[in-house]
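Read the figures in this text as sums done on the coordinates, not as results from a lab. Model, not experiment: these values are computed from the prediction.
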Ligand SMILES: [Fe+2]
Ligand SMILES: [Fe+2]
């Protein structure tokens, strides 16, 4: 792991968890045994890693913020409930609705959250932040299928960070 990226993630996490439901994401399963919070940490890391590799010109802070809350839908989609139907197609809208309630979002952050499920939803992100996030999200989803306790080091670092 790149230390500079993990420190950036910890700082943003501490900022975003204040007066929000960010920690609730650790109650909901995303894939396998991976909670939505863990997944979001992984996507945050991957987004910044890709940003560095591709030397992106987009807004790094917005990319990181969007990565943290792109799946801010706040429910366990495995639980049988008619509001969870078609989760893959609808959760980005729910995530944006919840995120709007808890955070001040810029236009390109809203776009990144709303369109991160491209190409499952036929709406391509308008801004680079969203395109990078969408790619990072897919790479992480594949990784999580094969890895037990994904992002364990990153997750533990965040948990220790909270206790300090
Ligand atoms: Fe998603
Ligand atoms: Fe995701």
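Here the relative contact order of the chain, from alpha carbon pairs under 8 Å that lie six or more residues apart, stands at 26 percent.
Stokes-Einstein diffusion for the stretch 1-98 at 25 °C, viscosity 0.890 mPa s, with a Kirkwood radius from C-alpha pairs, works out to 173 µm²/s. Across the stretch 99-161, the mean sequence separation of Cα contacts (distance under 8 Å, 6 or more residues apart), normalised by length, yields a relative contact order of 23 percent. Measuring between their Cα centroids, the stretch 61-99 and the stretch 36-50 lie 15 Å from each other. Residues considered: 99, 67, 112. Largest GNM mean-square fluctuation over the chain, using C-alpha springs under 10 Å, is found at 99.
Percent of C-alpha pairs per 10 Å bin in the stretch 3-163, short distances first: 11, 44, 38, 7, 0. Springs between alpha-carbon pairs under 10 angstrom, Gaussian network model over the chain: which of 54, 103, 89 fluctuates most? With Cα springs under 10 Å in the chain, the top fluctuation among 54, 103, 89 is at 54.
Pairs of alpha-carbon atoms within less than 8 angstrom and 6+ residues apart define the contacts here; what relative contact order does the stretch 20-90 have, in percent? Computed value for the stretch 20-90: 34 percent relative contact order.
Of the residues 12, 97, 82, the one that moves most in a GNM of the chain with alpha-carbon contacts below 10 Å is 82. Over the residues of the chain, the helix contribution to mean residue ellipticity at 222 nm works out to -19500 deg cm²/dmol, using -39500 (n - 2.57) for each DSSP H run of at least 4.
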